[in-house]
1. Quick one: of LYS371/LYS398; LYS463/LYS483; LYS50/LYS111; LYS391/LYS424; LYS11/LYS424; LYS111/LYS317, which pairs are farther than 27 Å apart, Cα to Cα?
2. Taking amide H atoms as placed 1.01 Å from N in the peptide plane, list the residues 5 or more away in sequence, or in a different chain, whose amide H sits under 5 Å from that of VAL279.
3. Can you tell me what percent of all Cα-Cα pairs in region 139-259 are more than 23 Å apart?
4. Return the loop-located GluC sites (Glu not before Pro) in region 379-442 (DSSP other than H, G, I, E, B) with at most 16 other Cβ atoms within 10 Å of their own Cβ; answer none if there are none.
5. Considering the Cα positions of region 393-528, please state its Rg to one decimal place and its Dmax as a whole number of Å.
6. Can you tell me the 0 to 90 degree angle between the C-alpha axis of helix 112-122 and the longest principal axis of the chain, rounded to 10?
7. Given R₀ = 60 Å, what would the calculated FRET efficiency be for ALA538 paired with TYR346, taking r from the Cβ atoms and rounding to 0.05?
8. So what is the calculated 222 nm ellipticity per residue for the chain, using -39500 (n - 2.57) for each DSSP H run with n of 4 or more, over all residues, to the nearest 500 deg cm²/dmol?
Amino acid sequence: MSDQEILLTIKGLRIEGRADEEWLEIVKGVDLTLHKGEVLGLIGESGAGKSTIGLAAMGFARDGCRISGGEILFDGINLRTSSEAERRALRGKRIAYVAQSAAASFNPAHKLIDQYCEGPVEHGVMGRSEAERDATELYAKMQLPEPETIGFRYPHQVSGGQLQRAMTAMAMACRPDLIIFDEPTTALDVTTQIEVLSAIRDIVEQFNTAAIYITHDLAVVAQMADKIKVLLRGEEVEEADTRTMLANPSKDYTKSLWAVRSYARAEQPPVDSDVTPVVSVRGVTAGYGTVDVLKNINFDIHAKRTVAVVGESGSGKSTAARVITGLLPPHTGEILFNGTALPPDYRKRSREQLRQAQMIYQSADTALNPKLRLRELIGRPAQMYLGLNGKALETRTKDLLSLIELEPDDYIDRLPSELSGGQKQRIGIARALAAEPQFIICDEVTSALDQLVAEGILKLLDKLQSEFNLAYMFITHDLATVKAIADEVVVMKEGIVVEQGPKAQMFQPPHDPYTELLLSSVAEMDPDWLTNLLEERAGLTAS
């Protein structure tokens, strides 16, 4: 590529973050060059500086951070010396950003179509009616259901995966020269991820758009990036074209990233047939209004066992969790706890029944009250369910911090904003454990984490399960996670359990056709994997 094709040049980038009353350097002299139409993958564990560098490519530093050194040139424009008005004119029009957390990125008071149209209309790219037509086309490209009408829903009326796709479409509205993708497929199931990755790649190629693709998923970056830069604690480890990097990384740290996810839970002995399950879902049909989302589902979860519930977005996984916790009373069927039927509505359950079932949420960012310190976040369940106060409560809170492998005296008075993503998820685990439950629902608890941190969380959950005889329901779309931690697998599609059984059985053919689709959709560390898969499926469709 010639110098004339260079779109973005970053030289000696230094960014500082405020800690108490001092500034600490978190990005330490990183260089970056990006050509038009080129995709750069940024990878590294939590705290490496990936998102901070991605935002700096827009001339932006988040609250508590400042760009302290270096040069950022976008198409010849110096984003460090240009005015805020000049930078604002570029953002959304020529430079777009797709955030990791779609739920935290949309205005809940406005419909999706209004938020889509705002950018192109404000920047004078197109009028409102043209923008609405364009939205429908991009929603269709993103494989969103009912693309002609989905834009007229509010953010809370679509699933997390659908919201992530709507945000990706919104970023493409002005056909920008550069898009920063910050974990854009984190919330998507494997089958939807393929469609979104394909759509992103097609649009990038069609409009010669450059992209910075931030991800912790090495198999995904292999499909998307022309070259990969590896980061560690704000410094560059190495950079190479994708094929070279995958085949022959030169640094030990990069090799360690390639080697993660080797963890697998030790195989457990079979459960005796006469042992009463901790949780039994019996003939449950449930939904919203007159629409049934779950249709006569049945499965059991035993003590010291992990049941992974997998399926596409909208298959009913999270709805099943809502029924079990009493947030959504079923139309028919019942939930048994240790053989005794629970009241369908949580408001009619006793405090003891509520205590025994806890939940760890997918997005720790939105699940933790940002105004409360960790002693309050962790201590409240212990206070509410166990009646602890004063010194006993503080001792219990510190014990829980030790259980999740965080130093109590260093962390107890921190706010969530002072934690990494992995640390926040550990706090979610501690908060669930504070009630001393028998049963915990883990809802996509590793999907937003890099692979090194995710492996640590899985090991922690495994250790805690053995120590406290916990039963887990593990909702996930990540089949690598299923292989690592599950004892049994329940596969759901459109509210129906299509297949269930021990993990070893579920990963051996023959499979239900839908299970086969899920398994074949797991991305591989091969740059040609997505292309070959799409060609294979196109051939099957044509024949």
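The values are calculated or read from the model by the stated rules, or taken from the named source; none is laboratory data. None of the values given here were measured: they were computed from a predicted structure. For neighbour counting, all protein chains shown are included, and Cβ atoms are generated from backbone atoms with ideal geometry for every residue, glycine included. Ligands, DNA and RNA are excluded from the accessible area calculation, which covers all protein heavy atoms including side chains. Shrake-Rupley method; radii C 1.70, N 1.55, O 1.52, S 1.80 Å.
1. On the way: LYS371/LYS398 20 Å; LYS463/LYS483 17 Å; LYS50/LYS111 30 Å; LYS391/LYS424 24 Å; LYS11/LYS424 32 Å; LYS111/LYS317 25 Å.
Cα-Cα > 27 Å for LYS50/LYS111; LYS11/LYS424; rest within.
2. Under 5 Å from the amide H of VAL279: ILE301, ASN338.
3. 37
4. Working: sites: GLU394, GLU405, GLU418; in loops: GLU405.
The qualifying sites are GLU405.
5. Gyration radius and largest Cα-Cα distance of region 393-528: 17.3, 55 Å.
6. 10
7. On the way: r = 47 Å, r/R0 = 0.78.
E between ALA538 and TYR346, to the nearest 0.05, is 0.80.
8. -11000 deg cm²/dmol
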